[in-house]
Amino acid sequence: MTERGSESAEADAAGDGEAPTTAVVLDLLPNGRPDDDRPAYQKSPVAYALGEAEFGLYELTLEDDSGISIGDTVAVDTPGEAVRRVRSVDLDGLTSAARSELEYAVNDVIDRNERRFVDFYNDAQAITTRLHALNLLPGIGKKLRNNVLDERKRGPFESFEDLSERVSGLHRPREVLVERIMEELRKEDLKYRIFARRSEGA
């Protein structure tokens, strides 16, 4: 597992100016972790979050007056005034409440970044000579994959609605992405991962 504190934040700030990595807060423990046996005055609030770019899972140590709430979006590569420390965790490292919020958060990330996920259908390529990235999506076999490939030759897909209207048989283009992302979050032993990076805690 990886921790990031103020020193790494300063290094990032002096970097190449890329946009910060953000995460959606899934759960908040204002009194700290229950398995932390230190006196209450020594414990810091803790939050659990889902990364928006690569769907990484994080435990955030917060400042007492962070003002962070469930559902907020926070920077996880540049801890600062609100976030004191960031630690990568796996699915088992989340609270039960955070796990129950995961699918809702994945849906929200896709909704806020529709162009990015529609472009997966526009840009997906073969992984091997026998396997295409589109075939990793639930319910997409050879015929439906070929329908997508044939239709995108006529022009890029503009939205999920455009996808479902133009590709015969692809009725739930958004939902199958959610299903695949959730599978990648739940299963560490997948051979191919296209959305969620492997947990550093695994």
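Within the span defined as segment 185-202, one or more residues are outside any loop (DSSP other than H, G, I, E, B) and within 23 Å of D27 (Cα to Cα). Out of R130, R180, R166, R174, report the one residue that is at pLDDT 95 or above, over 22 Å from the mean Cα position of the chain (by Cα) and among the basic types (K, R). Testing whether each residue is at pLDDT 95 or above, over 22 Å from the mean Cα position of the chain (by Cα) and among the basic types (K, R) leaves just R166.
Among the residues of segment 75-85, those identified as within 16 Å of P30 (Cα to Cα) and part of a strand (DSSP E or B) are V83, R84, R85. Filtering segment 126-171 to residues that are loosely packed, with under 15 Cβ neighbours inside 10 Å and under 21 Å from F55 (Cα atoms) leaves only P138.
There is no residue in segment 28-37 that is in contact (Cβ under 8 Å) with a residue 24 or more places away in the chain and over 20 Å from S100 (Cβ atoms).
Can S88 be described as surrounded by 18 or more Cβ atoms within 10 Å (Cβ to Cβ), part of a loop (DSSP other than H, G, I, E, B) and touching a strand residue (DSSP E or B) at 6+ places or on another chain (Cβ under 7 Å)? Considered against the rule, which asks whether it is surrounded by 18 or more Cβ atoms within 10 Å (Cβ to Cβ), part of a loop (DSSP other than H, G, I, E, B) and touching a strand residue (DSSP E or B) at 6+ places or on another chain (Cβ under 7 Å), S88 comes out as no. Just one residue in the set E10, E101 is at pLDDT 80 or above and part of a helix (DSSP H, G or I); that residue is E101. The single residue among D108, D119 that is over 30 Å from S69 (Cβ atoms), out of contact with any Lys or Arg (no Cβ under 7 Å at 6 or more places or on another chain) and part of a helix (DSSP H, G or I) turns out to be D119. If you filter segment 133-144 down to residues that are of a type in the set (G, A, S) and over 11 Å from P173 (Cα atoms), you find that the one that is modelled with the lowest pLDDT is G141. Restricting attention to segment 52-85, the residues that are surrounded by fewer than 17 Cβ atoms within 10 Å (Cβ to Cβ) and of a type outside the set (A, V, I, L, M, F, W, C) add up to 11.
The values are calculated or read from the model by the stated rules, or taken from the named source; none is laboratory data. Worth saying up front: this structure is predicted, and the values here are computed from it rather than measured. Cβ atoms come from the backbone with ideal geometry, glycine included; neighbour counts cover every protein chain shown.
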